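K.L.:
One structure follows; several queries about it will come next.
The values are calculated or read from the model by the stated rules, or taken from the named source; none is laboratory data. Remember, it's a predicted structure, so these values are computed and weren't measured experimentally. Heads up, the Cβs are rebuilt from the backbone with ideal geometry, glycines too, and the neighbour counts pull from every protein chain shown. Protein only, heavy atoms only, side chains kept; ligands, DNA and RNA dropped before computing areas. Shrake-Rupley method; radii C 1.70, N 1.55, O 1.52, S 1.80 Å.
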Amino acid sequence: MVSARAARGLLGKVAAEYERIFAALRPVAEGFTRAVTAAATPTTDDLAPLRPIVADLLAEHRGLVAGAGVITAPGLLADAPYWLAWWWTKPSGAPEALRVNLDPSAPDFFDYANADWYRVPERTAARYVAGPYVDYACTTEYATTVAVPVHAGATFLGVAAADVLVSRLEQRVLPALRRLGPATALVNA
């Protein structure tokens, strides 16, 4: 039988990992807001200052966070109706910009506006953890996406987000999970 104290300890460890990532997304969200509100008509070039902020997040959470950045509200930018300022960590450790098809008429259009990690924060104005799911756009591994909504006043700008690799989170919590007993599983809602 798993003790309530042991279970709370494990949940606290998982929650602490996610809280650190939510905290690391704060400067990304703030940089996104500054970049968009400083421009009369924001464009993709205005998001360039986010790269070093995201690179710091990826370096700080190396191994756990596979990718991070911002996903803009459709129509926010003058030169791209859909846009992600998103970087992921290559096996060499260097951040690389993620390239996905953002043309709505294309069969492989990356329709992020309908993804849970985008829709839920947009609808609720609250942070959210989506998944786990297989991240086909980037790592092809099981991931969860940690997302926070970004607003300028009442205007929804998009989300700041990070992809957490489930395999790496599992490595961090598996010792505590094993101590709870062989019939124990960590699940989401």
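K.L.:
Got a number for residues in region 172-189 being touching a residue at least 60 places away in the same chain (Cβ under 8 Å) and polar (S, T, N, Q)?
P.N.:
Qualifying residue count for the region: 1.
K.L.:
Which members of region 178-189 meet the condition of being more than 19 Å from the chain's Cα centre (by Cα) and either assigned to a strand (DSSP E or B) or of a type outside the set (A, V, I, L, M, F, W, C) (or both)?
P.N.:
Within region 178-189, 178, 179, 181, 182, 184 meet the criteria.
K.L.:
Could you give every pair whose Cβ atoms fall below 7 Å, whose first residue belongs to region 35-51 and is under 14 Å from residue 81 (Cα atoms), and whose second residue is open to solvent by 30 Å² or more (accessible area, probe 1.4 Å) and of a type in the set (Phe, Trp, Tyr), counting only separations of at least 6 or pairs across chains?
P.N.:
Every condition considered, the pairs that remain are 44/83.
K.L.:
Another one. If you go through region 111-126 one residue at a time, do you hit one that is open to solvent by less than 60 Å² (accessible area, probe 1.4 Å) and either among the hydroxyl-bearing types (Ser, Thr, Tyr) or at pLDDT below 95 (or both)?
P.N.:
Scanning region 111-126, I find at least one residue that is open to solvent by less than 60 Å² (accessible area, probe 1.4 Å) and either among the hydroxyl-bearing types (Ser, Thr, Tyr) or at pLDDT below 95 (or both), so the answer is yes.
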